[in-house]
Amino acid sequence: MKKTLLLSMIAASALYSADVVLSPIAVEATTVTEVAQKAQTSADLAQALSDNVPAIDMSRRSAIANDILIRGQKRDNITVEVDGTKVYGACPNRMDPPVSHIVANQIDTVEVIEGPYDVTTFGTLSGGVKITTKKPSKDLKTSINLGFGSWNYRKFGATVSGGNDRIRLLVTASSESADQYHDGDSNTLSQQLDKYIETHPSVAGTAYQPEYKDMQAYKKKSAMAKAFIKTLDDQELRLSVTANRSDTVLYPNSKMDANYDDSNIYSVIYNIDNINKNYTNINIEYYHSDVDHPMGTDYRMSSYGTNPVMTNWLTTDMDGVKLKNTLEVAEYKVLIGLDASQRKWDGHYEKDHSAAAIGYKKSIDNAITDNRAIFAKVTKSFGAVTLEAGARYDDTSITNDSFNSNDYTALSANILGTYALNKENRLFFGLGQAYRVPDARELYFVSSMGNLVGTPDLDQVKNNEVDLGYEIDNDALKFKIKAFYSMLSDYIYIKKGVAVNAFSNIDATIYGGEMSASLYLNDDMTLDMGASYKRGKKDAPLAGQTGTNLADMAPLRGNVALNYEYARKSVATLEVRASDRWDQIDEENGEQVLAGWAILNAKVKHAVNKKFDLTIGMNNILNKTYAQSNTYADLTLITTGTDDIMLLNEPGRYFYTNLDFKF
């Protein structure tokens, strides 16, 4: 049972989203495997990661397409890659965060970088997510997943893979939809908004029109195709395309909803192994990603009757080339690479679906970010000690058609080390420095009223960080604890209520830690635990303010789960997830005190036979009403401007079942 639990889905107590495993972890990263095996309540990757990686919190934006924070850092402070393709969203209000452009049933593994320890990726300031999707197999394999849940949740997913010694193919597709979820007080998404309006009547225009109050929360379709072609011995051409289509996604505590989110990810990789004794691999990749995202007031009272529909329509495109060379020289493993990318981000406003009717106003005016970089990593073991050092030099330019351009250069570097005390115990550390440039929203965003919300002369952000930790892994216990201290220079921060140049550079500090453990009680039972804590402080208050608390610093949170393998590959799980009261807040910039909470979840996964698994579960069994995401002014949420911003509650009691077939 101990080995089964360690390598199976229950090692991380995945109850709310996908069955995942936390593999043995590196100093700077947590690897999550088997993400695609069971997407239980939705294919939302943000939920799966936040439930299983202590360093990650989820930002609740809707019933789907939610965002993630790594150690309190989000947006461009963290990076997201899919098979080496850097992915961005188009929405400045995070209706389409990067992790929403891939769904769980397409994923093989996810590597979560914790800290400034990835020199291969542009802009990994405080962390990152590296998603590896499924690879085609030579043997013919088919899997089908059906999911059903409360609030009319429906999911269908299928994957087919096969080939021969020359070519391997894979096709996967999925479709899911759901009505509006109910919180613990039985309020739907639109009813949560109505309740806010009851005490804040000045924002009545944000309510849903009568005919849309009970409309579907979202509908999402996704497909992925891959071809791996063996061209010569030890050489392979890898082709991949992913298409994601989301329609009418409701965002009740925002003023607009997503009419649709359409995204595409393409990559072409040529890989050569075993070039000679020392030159072990060369890998070159071209990638492209694009997102089309119109958001509008189509379903709100503000456009009811003869009132106009207002739209902010944004698009983004990313193109890049990356070359990686791997060498082994005198017991040193060396990686040397080149990286070049270009991101385009453009947006305009419309009135009644006409740009001319509003005077061709731009929200982001053809902003282009060009980056060129060289990077290197060296790894070497010295007995019980393993060291890895990395460095990256970036040259970046950002232009647009309305305001001044910006140029940035940066040298990032880090060193990671582990010391094996014995076969079961090890210590580890990390020291790192990384940079990220401002994005076009922070520099150039213009409101529908014509105000320049962005600040065109922002400096790039620098993170200097130290990480320390300890891990033990034996037949009775797997335990890891990690602490970090991050010093942020020129951190980009938004000030609430400022109409022009709302962003500024500040200095700040974030510190905290994470813990995860699995205790093997006997051959059939395992107790899994996880917890995280963080605090953030500004070096000085913003101009005209007095507080120094940094926003987005979720309080102490954790989970405890008891797993019982009552039959071979059949497991029953009971879990408690809890959070402390969130009272260390940046109230002057939109945050509010959130009550502590605890919820009870349960599930049973039963292996009917080798080809069929049945999962039945219930989340939030006690139907608790609670909110886990705060309201920092970095998001444009519904508010009167003087009172508390509208919170969005989490789902109440939720029943689900999944049927998984493998052939």
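The values are calculated or read from the model by the stated rules, or taken from the named source; none is laboratory data. Only a predicted model underlies this, so the values are computations on that prediction, with no experimental measurement involved. All Cβ positions, glycine included, derive from the backbone under ideal geometry; neighbour counts span all protein chains shown. SASA here: full protein model, heavy atoms, side chains in, ligands and nucleic acids out. Shrake-Rupley method; radii C 1.70, N 1.55, O 1.52, S 1.80 Å.
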Somewhere in segment 589-603, is a residue open to solvent by 60 Å² or more (accessible area, probe 1.4 Å) and among the acidic types (Asp, Glu)?
-> no
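Please go through segment 544-574 and pick out each residue that is of a type in the set (A, V, I, L, M) and in a loop (DSSP other than H, G, I, E, B).
Residues satisfying the conditions are 550, 551, 553, 554, 556.
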Say whether the condition of being open to solvent by 20 Å² or more (accessible area, probe 1.4 Å), basic (Lys, Arg), over 30 Å from residue 623 (Cα atoms) and in a loop (DSSP other than H, G, I, E, B) is met by at least one residue in segment 84-101.
-> no
Within segment 532-583, residues being over 27 Å from the mean Cα position of the chain (by Cα) and charged (D, E, K, R) number 4
Filtered residue count, segment 178-221, keeping only those that are assigned to a loop (DSSP other than H, G, I, E, B) and open to solvent by 20 Å² or more (accessible area, probe 1.4 Å) | 10
Across segment 50-61, the tally of residues that are within 17 Å of residue 96 (Cβ to Cβ) and modelled with pLDDT under 95 stands at 1
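So that you can scan it fast, the table gives a plain yes or no per residue for (1) within 30 Å of residue 379 (Cβ to Cβ); (2) small (Gly, Ala, Ser); (3) open to solvent by 10 Å² or more (accessible area, probe 1.4 Å):
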residue: 240; (1), (2), (3): yes, yes, yes
residue: 252; (1), (2), (3): no, no, no
residue: 270; (1), (2), (3): yes, no, yes
residue: 276; (1), (2), (3): yes, no, yes
residue: 290; (1), (2), (3): no, no, yes
residue: 294; (1), (2), (3): no, no, no
residue: 323; (1), (2), (3): yes, no, yes
residue: 334; (1), (2), (3): yes, no, yes
Scan the strands (runs of 3 or more DSSP E) fully inside segment 121-177 and keep the ones with 1 or more residues being surrounded by fewer than 17 Cβ atoms within 10 Å (Cβ to Cβ).
-> 141-149, 153-163
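Which ones in segment 295-318 are among the polar types (S, T, N, Q) and within 28 Å of the chain's Cα centre (by Cα)?
Residues satisfying the conditions are 297, 311, 312, 315, 316.
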Please give the number of the condition residue 523 fails out of (1) surrounded by fewer than 16 Cβ atoms within 10 Å (Cβ to Cβ); (2) at pLDDT 95 or above.
-> (2)
Within segment 403-436, can you find the residues that are among the aromatic types (Phe, Trp, Tyr), open to solvent by 60 Å² or more (accessible area, probe 1.4 Å) and farther than 16 Å from residue 114 by Cα?
-> 403, 419
If you go through 513, 536, 617, the only one that is touching a Lys or Arg at 6+ places or on another chain (Cβ under 7 Å), open to solvent by less than 10 Å² (accessible area, probe 1.4 Å) and either in a strand (DSSP E or B) or of a type outside the set (Asp, Glu) (or both) is 617
Filtered residues of segment 347-377 (kept if in contact with a Phe, Trp or Tyr (Cβ under 8 Å, 6 or more places away or on another chain), open to solvent by 60 Å² or more (accessible area, probe 1.4 Å) and within 17 Å of residue 411 (Cβ to Cβ)) | 374
